[in-house]
1. By how many nm would the segment from Ser172 to Thr187 grow when fully extended, if each residue of separation counts as 0.36 nm and the alpha-carbon distance is taken off?
2. Length gain on complete extension for the stretch Glu225 to Arg254, per 0.36 nm per residue less the alpha carbon to alpha carbon distance?
3. Give me the distance in nm between label points sitting 7 Å out from Cα along the Cα-to-Cβ direction at Ala394 and Asn508, one decimal.
4. Give the aspartates and glutamates reachable from Lys237 as a straight Cα distance under 14 Å; neighbours fewer than 8 places away on the same chain don't count.
5. Taking the highest mean first, how do the peptides 368-374, 532-538 order by number of other beta carbon atoms within 10 angstrom per residue?
6. If one computes the Cα centroid of the stretch 141-173 and of the stretch 328-377, what distance in Å separates the two points?
7. So which of Lys149/Lys314; Lys149/Lys302; Lys271/Lys421; Lys97/Lys293; Lys144/Lys311 end up more than 30 Å apart, counting from Cα to Cα?
8. In nm, what is the difference between 0.36 nm times the number of residues separating Asn473 and Ala544 and their Cα-Cα distance?
Amino acid sequence: MAVVGDLALMGTKITTPNKLIGKLEKRVFGVPISFSPKFSFSHNKSRTAIKAVMQIEKIQSSSELKGSLKEGSLLGFDVVSERELKEKGFLGLRKTKLVCTIGPACCSLDELEKLAIAGMNVARLNMCHNSREWHQDVIRKIQKLNEEKGYSVSIMIDTEGNQIQVVDHGSSSSVKAEEDSIWYFTTEKFEGSRPFTIQANYEGFSEGVNPGDEIVIDGGMTTFEVIERVGNDLRCKCTDPGLLLPRAKLSFWRDGKLLGRDYDLPTLSTKDWSDIVFGISEDIDFIAVSFVKDADAIKHLKDYLASKSSKAIKVLAKIESLQSLHRLEEIVEASDGIMIARGDLGVEIPLEQIPSVQEDITYVCRQLNKPVIVASQLLESMVEYPTPTRAEVADVSEVVRQYADALMLSGESAIGSYGMKALSVLRTTSTRMEQSCREESRQTLLHQRKLGVSLPDQIAEQICNCAVEMADNLGVDAIFVYTRHGKMASLLSRNRPNPPIFAFTNDNSTRMALNLQWGVTPLLTDLSDDMEGNVKKTVELIKAKGMMKKDDAILVVSDIIPISTARAIFQSIQVMTIT
Ligand SMILES: Nc1ncnc2c1ncn2[C@@H]1O[C@H](COP(=O)(O)OP(=O)(O)O)[C@@H](O)[C@H]1O
Ligand SMILES: C=C(OP(=O)(O)O)C(=O)O
Ligand SMILES: [K+]
Ligand SMILES: [Mg+2]
């Protein structure tokens with residue numbers, strides 16, 4: 001990292017403006033922080049009044065970049081990581097992973113490639129929306145980009161889930177509910193439009209609901225008060241006017257508290273299972289399960305996948321209901337990763353609790369060594385505006401400061417007009433906060449819970465903990481890890497090291513799964529049992545690509561079991577400098 005300016009400023013109290021400018025002129029990763037000349041602070045708070053955007057990092061246009069990207073890449077380096085490493089050096093590699101929800105605004109091959117170039121690590125397909133054919137088309141395009149152009153974008157399907165939601169309200173788009181209007185909630189199907197009638201998807205939707213209770217739509221888009229039960233149906237009055245969107249979700253409240261109703265609905269609906277079979281057939285990498293209530297559904301799905309799919313598809317549990325919070329640890333233990341789904345979670349718990357609940361969930365995931373994605377509304381205003389609010393940038397920074405593994409865009413990329421700008425904001429904000437955390441050496445604050453039960457697992461865990469401490473204390477340029485299933489890479493990532501982790505693996509599903517792991521750049525390469533040979537070959541290849549130079553220092557960790565000592569697991573740490 002080239003630093004221009006007085007390092008003594010770092011961490012000292014800035015007293016005079018020119019010192020502030022001096023600090024702001026500090027080059028970060030070779031990229032000057034510069035204010036465009038027409039930059040002016042607008043006193044008019046309306047967002048359209050913003051005259052300019054602070055240029056933190058100039059991203060090459062995709063056409064410029066595509067020209068410079070090699071078609072494909074030798075050592076299983078994806079072309080984006082290769083470019084970033086060449087341009088910014090080891091410490092310039094972004095650690096936090098980026099997930100983009102794919103929708104109508106970014107589903108063309110060209111738009112998908114632009115997102116990949118701009119740093120998308122995982123593409124999310126929300127099975128709540130659109131047709132199976134549409135999703136298949138997007139999956140095939142992403143796989144084409146990976147195979148033919150050397151990208152490495154993992155694919156995640158996100159189940160619709162089993163929730164009480166509106167099946168029909170008589171219109172294909174949204175309908176306005178006016179103050180004091182009377183509406184009828186039923187599960188009876190009806191053809192055409194039947195004014196002021198809402199069909200719910202679940203027979204038992206009104207169980208335990210009494211006159212005086214409230215029905216809140218989509219977390220507060222509009223609210224109704226139950227006036228009368230008519231058999232299984234509910235007659236209600238709109239007490240808070242608003243919009244009823246297609247497939248709006250219903251939640252039921254009494255005296256300001258969510259009615260904790262344990263529907264006997266299975267977590268995975270019939271449609272979900274059908275989508276899962278589809279996902280397996282399309283060779284996807286992750287399945288995010290909506291509205292998980294407990295570990296059972298996750299275990300059941302993992303057993304099913306183990307029996308049906310030769311590939312290790314990773315199962316992510318979405319934490320988005322009160323029930324999942326009550327069973328958090330068991331769910332985290334059972335799953336391969338977690339998504340903090342703040343959209344629906346914000347329906348089920350008071351919004352003001354989201355920040356602390358998010359921090360707690362992130363902490364538990366790190367303790368249990370499971371990747372965690374923070375999702376929803378990170379840059380919501382950028383669905384319509386080209387720049388984020390200050391609050392949104394602060395929210396993204398806070399997620400990075402908590403060392404979550406990944407950030408996720410929803411509507412911002414799926415339907416927004418500024419998906420690429422939103423992705424750029426995630427990228428530059430996370431890079432900046434990662435650097436601040438390194439300067440504060442925050443990652444040493446986490447008390448590590450011992451996870452390993454067997455001796456080999458305990459050895460692996462201790463080796464990785466020590467390796468990261470050594471890497472940080474010695475200030476090595478990179479950590480190389482040779483791993484078949486990604487376990488050592490995840491144990492290193494859990495410690496949030498300063499240098500990047502290059503995880504060499506011979507298993508493509510391991511490589512695609514590691515795309516969600518903080519600070520890990522997964523590289524596909526064939527691995528022999530000759531550890532020295534593996535190291536020699538990979539170092540030579542990376543040097544040959546001009547990504548390492550003389551005197552660079554690397555710390556090497558491996559858990560490859562050499563044939564000769566098959567009864568012993570040979571795990572080692574080596575530090576070497578490049579000659
Ligand atoms: N595959 C898709 N096809 C069409 N629209 C989509 C798709 N995925 C997302 N969207 C749109 O983007 C919005 C935000 O996406 P997301 O947050 O994933 O969905 P939801 O609103 O159901 O939580 C959705 O409400 C929907 O309007
Ligand atoms: C990510 C979420 O789930 P979905 O978009 O599928 O509702 C959420 O609720 O925040
Ligand atoms: K979903
Ligand atoms: Mg949700």
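1. Length difference between fully extended and current span is 3.6 nm.
2. Numbers: separation 29, 0.36 × 29 = 10.44 nm, distance 1.00 nm.
Residue separation times 0.36 nm, minus the Cα-Cα distance, leaves 9.4 nm.
3. 4.6 nm
4. Answer for Lys237, where 14 Å is the Cα cut-off: Glu178, Glu179, Asp180, Asp213, Glu214, Glu225, Glu228, listed by chain and number.
5. For the peptides 368-374, 532-538, the packing ranking is 368-374, 532-538.
6. 21 Å
7. Lys149/Lys302; Lys271/Lys421
8. Values: separation 71, 0.36 × 71 = 25.56 nm, distance 2.78 nm.
Between Asn473 and Ala544, full extension yields 22.8 nm more.
Every number here is computed from the coordinates shown, using simple stated rules; none is lab data. Treat the numbers as computed from the prediction; the structure is a model and nothing was measured. Cβ atoms come from the backbone with ideal geometry, glycine included; neighbour counts cover every protein chain shown.
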